[in-house]
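Taking it in order: structure first as structure tokens, then the write-up.
Derivation of every value follows stated rules applied to the coordinates shown; laboratory data play no part. Nothing here was measured: the structure is a model prediction, and the numbers come from that model. Note: ideal-geometry Cβ built from the backbone for every residue, glycine included; neighbour counts use all protein chains shown.
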Amino acid sequence: MIPQGVKYVGFPWFEKKNFKKLMKLFVDNHLLHDSYGEWLKDAEHKYNSLKEKGITVDKVNIDPKTFPSWCKSRGLNIDTKARMEFANEFVARKYLGK
């Protein structure tokens with residue numbers, strides 16, 4: 001759920017070549033799809049739904065080489081919450097200079 005008034009959202013995005021590596025890293029991988037194709041279909045649906053609501057949505061790549069250290073530096077588990085924080089931090093820097 002996007003809070004009312006939010007105009008910019010980071011959307012965690014996975015590249016196909018990294019999907020299996022990421023699934024091994026994520027502590028909540030059981031909540032995600034088993035295949036990249038299934039994940040992509042669902043992610044594109046959610047992404048397009050946000051855009052249709054007039055929200056600026058940026059796909060933010062989650063890199064299996066750098067994401068774990070980003071999480072560790074912030075004391076976060078490698079999970080949905082961390083993916084969302086990472087993506088939204090990227091967007092905040094891009095659009096709001098924060």
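Numerical summary
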quantity	calculated
Of the GluC sites (Glu not before Pro) in region 2-98, those whose Cβ has at most 14 other Cβ within 10 Å and which sit in DSSP loop	E15
The chain, relative contact order [Cα under 8 Å, separation at least 6], %	47
Per residue convex hull volume, Cα atoms of the chain, in Å³	102
Cut-off under 5 Å, modelled amide H: who pairs with V60 long-range	F11, W13
³J(HN,Hα), Karplus 6.51/-1.76/1.60, whole Hz, each residue of region 21-31, x for Gly, Pro	5, 5, 4, 6, 7, 5, 6, 10, 4, 5, 8
Karplus-derived HN-Hα couplings along region 55-63 (A = 6.51, B = -1.76, C = 1.60, θ = phi - 60°), whole Hz, x at Gly and Pro	8, 6, 10, 10, 6, 10, 5, 9, 9
Farthest positive-ward along the chain dipole, Cα basis, beta-carbon charges - from H45, P12, L32	P12
Over 24 Å between alpha carbons, listed pairs K16/K65; K20/K94; K46/K81; K21/K53; K24/K72	K20/K94; K21/K53
Overall form of region 50-98 per C-alpha gyration tensor (a/c, 1.5; a/b vs b/c)	prolate
